[in-house]
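A short write-up of the structure that comes next.
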Ligand SMILES: [Ca+2]
């Protein structure tokens, strides 16, 4: 019974409103499909539900095809930039694994000694934009370093060659370490922007309600989206500060900060227009998605979504960015951001941003604001439901061909999102 207990801890600390969440997780456990099943279909009423607000939303019909299994607590899915069929999966407990979608072979690229309490672990991976020539990649993990627990961003090199079996990556540098006061809200994603710079989202340091006020404190790296240049180290650090970062001239605020006021930006990605779309996990009431831009304040912990948090009434609004999408805890309790779909399998999904909820297993797709359009709250008809699945949707992955994948934290299965299966009698 070890595994369910770990899951409950992970779920509960993502949002700190425990009883309701635990119950939801247990209900899901009962609904889980048998392991002999290798796909879940939109048309199968036993596994897929459209309830609550989803009952009134427009639907996009999809099925989930199992492409890999037997991962232990997967946390990230990426694809090897020069090998479209090689999927890379991180496991919370510290392993980075490869899996061939061509022949089902797999192996371990590295194992990192990480902390694994609550939301700690090996959490995010980004390949360098020039990976093909320099073979560099970056990991986001929670580790103990010099006696202190915190987030560590490290640089690695993967040896070249066709055959991945037996290949082991080597760590080349520690890029950044940030001490974490609590085990939750480490965020975890890493992503390079179209500008070639590395974006590192950091949560507020954890516990609940942001007890130290990190979200609004620009003198700390916590509760912020950082932007650094790993190719041009400067000032005695293994990275440089881009000249157009908002606080580059500031003596007071941290120069790594690109935007702040974030609670726990667990997953974020760049859309095809180069906009940074970040899903920020909420406290007790609201889950949210924002377009994150230079020098903007996304409100936490003054506001949760577009609502007052502290103070609970008549909170300031000026200078605080509202999300473009938010949903309440009757729909889900821990948002998992995804990617804009640009694959060929599901025409209705093309160009839409896919996201989901870890606790309730709901999947949605949104029509993001058009290029150049001011940020605004999306209207109801711009959000589609893909149903509520019996899964703990912990992360998404995007193939080099634009197809999307998701990982089920509980079962360790990886699914590809495909067109709906047509029922035949
Ligand atoms: Ca916010």
For this session: Any chance you could count how many residues in region 238-260 are assigned to a strand (DSSP E or B) and either at pLDDT below 95 or farther than 19 Å from residue 299 by Cα (or both)?
Result: 1
Exercise. Counting only residues that are in a loop (DSSP other than H, G, I, E, B) and either under 19 Å from residue 344 (Cα atoms) or modelled with pLDDT of 90 or more (or both), how many does region 407-425 have?
Worked result: 8
Seminar exercise, completed: Per the filter on region 277-291, residues more than 10 Å from the ligand (Cβ to nearest atom) and either farther than 18 Å from residue 186 by Cβ or modelled with pLDDT under 95 (or both) are 277, 284, 285, 291
Problem set entry | Selection count, region 119-160, where residues are outside any strand (DSSP E or B) and under 17 Å from residue 222 (Cα atoms) | 2
Problem set entry | Enumeration of residues in region 311-333 that are without any contact (Cβ under 8 Å) to a residue 60 or more places away in the chain, assigned to a loop (DSSP other than H, G, I, E, B) and within 15 Å of the ligand (Cβ to nearest atom) | 315, 316, 317, 318, 319, 322, 323, 324
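Considering region 39-59 alone, what residues qualify as being under 22 Å from residue 413 (Cβ atoms) and modelled with pLDDT of 95 or more?
Just the residues of region 39-59 that are under 22 Å from residue 413 (Cβ atoms), to begin with: 39-49.
None; the set is empty.
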Exercise. Is region 222-229 home to any residue that is surrounded by fewer than 23 Cβ atoms within 10 Å (Cβ to Cβ) and touching a residue at least 24 places away in the same chain (Cβ under 8 Å)?
Worked result: yes
For this session: Look at residue 378 and say whether it is closer than 23 Å to residue 61 by Cα, surrounded by fewer than 21 Cβ atoms within 10 Å (Cβ to Cβ) and within 16 Å of the ligand (Cβ to nearest atom).
Result: yes
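Scan 213, 235, 274 and give me the residue that is surrounded by fewer than 24 Cβ atoms within 10 Å (Cβ to Cβ), within 16 Å of the ligand (Cβ to nearest atom) and assigned to a loop (DSSP other than H, G, I, E, B). Please lay out each step first, then the result.
Numbers: 235 fails: within 16 Å of the ligand (Cβ to nearest atom); 274 fails: within 16 Å of the ligand (Cβ to nearest atom).
After ruling out the rest, the residue left standing is 213.
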Exercise. Is it the case that region 303-310 has a residue that's buried (at least 19 other Cβ atoms within 10 Å of the Cβ), part of a loop (DSSP other than H, G, I, E, B), within 8 Å of the ligand (Cβ to nearest atom) and free of Cβ contacts under 8 Å to residues at least 40 places away in the same chain?
Worked result: yes
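From the list 206, 188, which residue is under 19 Å from residue 90 (Cα atoms) and in a loop (DSSP other than H, G, I, E, B)? Give the steps one after another, and end with the answer.
Working: 206 fails: under 19 Å from residue 90 (Cα atoms).
Criteria check complete, one pass: 188.
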Exercise. If you take the residues of region 257-270 that are within 20 Å of residue 242 (Cβ to Cβ) and more than 14 Å from the ligand (Cβ to nearest atom), which of them is surrounded by the fewest Cβ atoms within 10 Å (Cβ to Cβ)?
Worked result: 270
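Yes or no: residue 114 in a loop (DSSP other than H, G, I, E, B), crowded, with 19+ Cβ neighbours inside 10 Å and at pLDDT 95 or above? Before you say what the answer is, go through the steps one by one.
Working: in a loop (DSSP other than H, G, I, E, B): yes; crowded, with 19+ Cβ neighbours inside 10 Å: yes; at pLDDT 95 or above: yes.
Answer is yes for this residue.
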For this session: Among the residues of region 334-351, write down those that are within 17 Å of the chain's Cα centre (by Cα), away from the ligand (no atom under 16 Å from the Cβ) and assigned to a loop (DSSP other than H, G, I, E, B).
Result: 338, 339, 341
Seminar exercise, completed: Given (1) in a loop (DSSP other than H, G, I, E, B); (2) modelled with pLDDT of 95 or more, residue 183 misses just (2)
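The values are calculated or read from the model by the stated rules, or taken from the named source; none is laboratory data. All values derive from a computational prediction rather than experimental measurement. Methodologically, a virtual Cβ is constructed for each residue, glycine included, from the backbone with ideal geometry; neighbour enumeration extends over all protein chains shown.
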